[in-house]
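> Dumping the structure here so I can ask a few things about it.
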Amino acid sequence: MMKNFSVFLLCLIINFSVSAADEPAFERIMRTNTIRCGYIIYPPQLIKDVATDEISGFAHDIIEYIAGELNLKVEWVEETGTASMIESLKNGRFDLLCNPVWTSTPRAREAYFTTPVFFTAVHAYARVEDTRFDQNIEKLNNSEYKIAVMDGSSSPVIAATDFPKAQTVSLMELTDFTHLLLEVSTGKADVTFSEKAQAEDFLKMNPNSIRRIPLKRPVRLFGNAYMMARGENDLQNMLNTALFNAQNNGAIDRILDEYEHYPNSYYRLSVPYAPEK
C-alpha cells in the first residue's frame, strides 16, 4: 500500500513539474504578480555586489520601474550567460532576461524581444600602438590575425560573418566581458568588439592599453531590448506598452542619464511624433 502511495505521490510531483515548466511566462507572472528575472553581470548595465548579492545598474532600475508601473514585483532569480540564456528561457528557469541585450538576427530565430530601450554602437578595438587596421578593417580578414570573442555573444557572429578567415580566441560564457579587451591589450588577440561604455571603463583601469580603430562607421549598431521565450506574445505586448510609456514620460532617459558616464554611450530613441510648430 505504501509503495503504491509513493508511486502516486511521485507521479503528482512529476506532473506538477512538467505543467509548471509548460506554463507560459505571462500566465505565471499574472498568477504570482512577480517577474522572475534572469540576468547577466554586465557593468554598468547590471552590477552585483559580491558581498551583499545586491543588484544595481540601469537595467535593474528600468525593469524595476516597469514592474512598479504594472503593479508587479521583481525577483532576480538566476545569473545566466550569453550561451545559455535562451535555453534557460525556453525551460522556464526565469520569465524574462532582464538585461537589454543586442537584438542580433541569429537570436531572433530563438527568442522574442521587446521594442528597443536604446541603441549601442559596437566598435573594433586594438592595442594602443596598433594602427594596422585604421580605415581598412577588411585587412583583419586574414588567418594571421586573431579576434577575441565570447561564447554565445554576438562577437563570434561578427567575426564569422565579416572576417571568416581570421582566427578566433574564444572565452567561456560568464567570463567578465572586459576580458575580451584584456586579451587584446596583452597581445593574445589582435582585435575584439565592444561598446563604448565597456571600453572606456577598461581604459580607466588600464590607461594607454587599447584604442578604438577609426572607421567610417561602427562594426554594428544594435537595438538593446529585453528578451523572452518565443511565443510569449502577451508578455511582449505588455512590456512594449510599459516601455513605450516610460520612454515618452522621460523615465528611461532619466535612468540612463544617471549611469551614462561617457557621452554618447547609449543612443536614445527619438520621440514618436512630429515636433510642435
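The values are calculated or read from the model by the stated rules, or taken from the named source; none is laboratory data. Note that this is a predicted model, so its numbers are computed, not measured. Positions of Cβ are generated from backbone atoms using ideal geometry, with glycine treated the same way; all protein chains shown enter the neighbour counts. Just the protein is used for accessible areas: all its heavy atoms, side chains included, with ligands, DNA and RNA removed. Shrake-Rupley method; radii C 1.70, N 1.55, O 1.52, S 1.80 Å.
> For LYS73, what residues show an amide H to amide H distance below 5 Å, using hydrogens built from the backbone and excluding near sequence neighbours?
THR34, ILE35
> Expressed as a rounded percentage, what relative contact order does the chain have, with Cα pairs under 8 Å and six or more residues apart?
Relative contact order here is 25 percent.
> Taking every pair of alpha-carbon atoms in the range 73-203, give the share separated by more than 23 Å as a whole percent. Walk me through the numbers on the way to the answer.
Numbers: 3143 of 8515 pairs.
Considering the range 73-203, 37 percent of its Cα-Cα pairs are separated by more than 23 Å.
> According to the square roots a ≥ b ≥ c of the eigenvalues of the Cα gyration tensor, what is the shape class of the range 24-133, taking rounded for a/c under 1.5, prolate for a/b larger than b/c otherwise, and oblate for the remainder?
Values: a/c = 2.11, a/b = 1.63, b/c = 1.30.
Prolate.
> Also, quick follow-up: List the residues, sorted by chain then number, that are 5 or more residues from LEU96 or on another chain and whose placed amide H is less than 5 Å from its amide H.
Under 5 Å from the amide H of LEU96: ARG36, GLY38.
> On to the next question. Please give the peptides 36-47, 77-88 ranked by average Cβ packing (other Cβ atoms within 10 Å per residue), highest first, as a rough proxy for protection.
Going from most to least packed, we get 36-47, 77-88.
> Taking the Cα centre of the range 168-213 as origin, work out the dipole magnitude from +1 charges on Lys and Arg Cβ and -1 charges on Asp and Glu Cβ, in debye rounded to 20.
Details: 5 positive and 7 negative charges, 45 e Å.
With Lys and Arg at +1 and Asp and Glu at -1, about 220 debye.
> Report ³J(HN,Hα) in whole Hz for each residue of the range 75-87, in order, from the Karplus equation J = 6.51 cos²θ - 1.76 cosθ + 1.60 where θ = phi - 60°; Gly and Pro get x.
Taking θ as phi minus 60°, the curve returns 10, 8, 8, 7, 6, 9, x, 5, 8, 10, 5, 5, 5 Hz for the range 75-87.
> Taking only the alpha carbons of the chain, what extent do you get along each of the three principal axes, in Å, biggest first?
Here the spans come out as 76, 61, 38 Å, largest first.
> Another question, if that's okay. With the full set of protein chains in place, find how many percent of the accessible area of the range 18-71 is carbon and sulfur; take the probe as 1.4 Å.
The C+S portion of the solvent-accessible surface of the range 18-71 is 52 percent.
> Let me ask something else about it. Restricting attention to the range 164-227, which GluC sites (Glu not before Pro) occupy a DSSP loop and are surrounded by at most 11 other Cβ atoms within 10 Å?
Hits after loop and neighbour filter: nothing returned.
> Another question about this same structure. When the accessible area of the range 204-250 is computed with all protein chains present and a 1.4 Å probe, what percentage of it is carbon and sulfur?
Details: 1230 of 2620 Å².
So the carbon and sulfur contribution to the accessible surface is 47 percent.
> A further question on this structure: Keeping all protein chains in place, calculate the accessible area per residue for the chain (probe 1.4 angstrom), answer in Å².
Counting only protein heavy atoms, the per-residue value for the chain is 53 Å².
> If you place +1 on the Cβ of every Lys and Arg, -1 on the Cβ of every Asp and Glu, and leave all else neutral, what size is the dipole of the range 49-105 about its Cα centre, to the nearest 20 Debye?
300
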